[in-house]
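Worksheet for the structure shown next.
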Amino acid sequence: MPQLSTSLPPFACGTPCSEEEIKRRIGGCPKLASLQSINQELQELVRSDRSMISRIAEVIRRDPSLSARLLRMVNSVYFGLSTHVNNIEEAVFFLGLRQVRELAMATPVLEELERLQSGQALPWKDLWTHSIASAIMTRDILSATALHIDDDTDYLVGLLHNIGKIIMAYAFPDELATLMAEAHGTTFDVCAREREIIGWDHAQIGAYYLSRHHVSEEIVLAVQYHNAPEAAPQHQLFAAAVQVADFVVRNSGISGGFEKIERIEDDAWTQLPGWQILFGNGQTESLLARAAVANTLRRLPSMLDGLL
């Protein structure tokens with residue numbers, strides 16, 4: 001289990017919780033089975049080059065929620081099909097294995113996270129939209145780097161980067177209500193205010209929660225440091241890609257999650273520490289990454305319409 005940094009000092013005003021109280025409240029949150037086993041049979045099938053579409057479709061049919069999401073997505077405007085698809089095998093064919101894998105990961109996680117909502121009237125759909133969009137964007141940004149990824153860590157770090165917000169709704173509802181009633185200039189302002197009111201920000205809260213689930217170190221550290229990837233002791237590229245993806249998605253107007261934060265100037269995200277960690281001053285790499293971001297932004301709205 002990675003060692004989590006909890007040394008960020010709370011701000012002077014407010015009455016933050018003690019570290020022991022924060023851990024106690026997080027420890028009282030339900031565990032998510034989906035973080036341990038995300039439809040292993042389906043995952044193994046879609047990773048195999050020898051798998052037949054019919055076998056993949058057979059597994060998907062056993063999950064009504066996944067089936068429904070699959071058909072909604074394939075029939076979304078993005079795919080522009082002339083006829084409505086009602087057949088799972090056809091849907092798998094049109095989507096391709098990569099997007100079937102993403103659906104197989106996102107569906108059980110989102111369903112379990114929705115059960116943590118605690119009945120609070122918060123903009124949950126905005127948060128799910130932001131999380132999925134960030135997952136897709138993180139994966140595409142990392143594809144423009146030299147990092148070789150043979151699993152789905154690149155998608156999961158984006159999907160889970162704001163899990164601390166859901167934990168806050170469950171374990172710190174009054175504090176979150178205060179935060180939601182306030183206006184914030186930047187994501188950094190949000191984190192500062194969270195530390196002032198609670199003692200930890202949502203990144204620390206999410207990372208601690210995930211570490212208790214024995215989630216991989218890459219994911220835990222990416223979540224903990226996605227607002228400050230330069231401070232990550234390891235796996236900086238994952239944290240850096242999430243920081244950029246979070247800013248790009250938020251600034252595009254697709255979804256900002258819970259907070260309504262002021263827009264930054266176009267391309268200002270290329271000045272983020274995350275972008276510099278990923279691409280530095282490399283002209284070719286930077287151009288490839290910009291092209292990947294632009295391509296993803298064009299297709300995200302229709303993809304999200306089919307997913308949510």
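The values are calculated or read from the model by the stated rules, or taken from the named source; none is laboratory data. Here the structure is a predicted model, which is why all the values come from computation and not from measurement. Using ideal geometry, Cβ is built from the backbone for each residue, glycine included, and neighbour counts are taken over all protein chains shown.
Quick notes on this structure:
- Yes/no for Gly164 being under 13 Å from His130 (Cα atoms), in contact with a helix residue (DSSP H, G or I) (Cβ under 9 Å, 6 or more places away or on another chain) and part of a helix (DSSP H, G or I): no
- Neighbours by Cβ (under 9 Å, 6+ apart or cross-chain): first from region 61-72, in the same structural domain as Leu97 (by TED's automatic domain parsing) and more than 12 Å from Glu111 (Cα to Cα); second exposed (fewer than 13 other Cβ atoms within 10 Å of the Cβ) and of a type in the set (Ser, Thr, Tyr): none
- Selection of region 246-289 for residues being among the charged types (D, E, K, R) and surrounded by fewer than 15 Cβ atoms within 10 Å (Cβ to Cβ) yields Lys260, Glu262, Arg263, Glu265, Asp266, Asp267.
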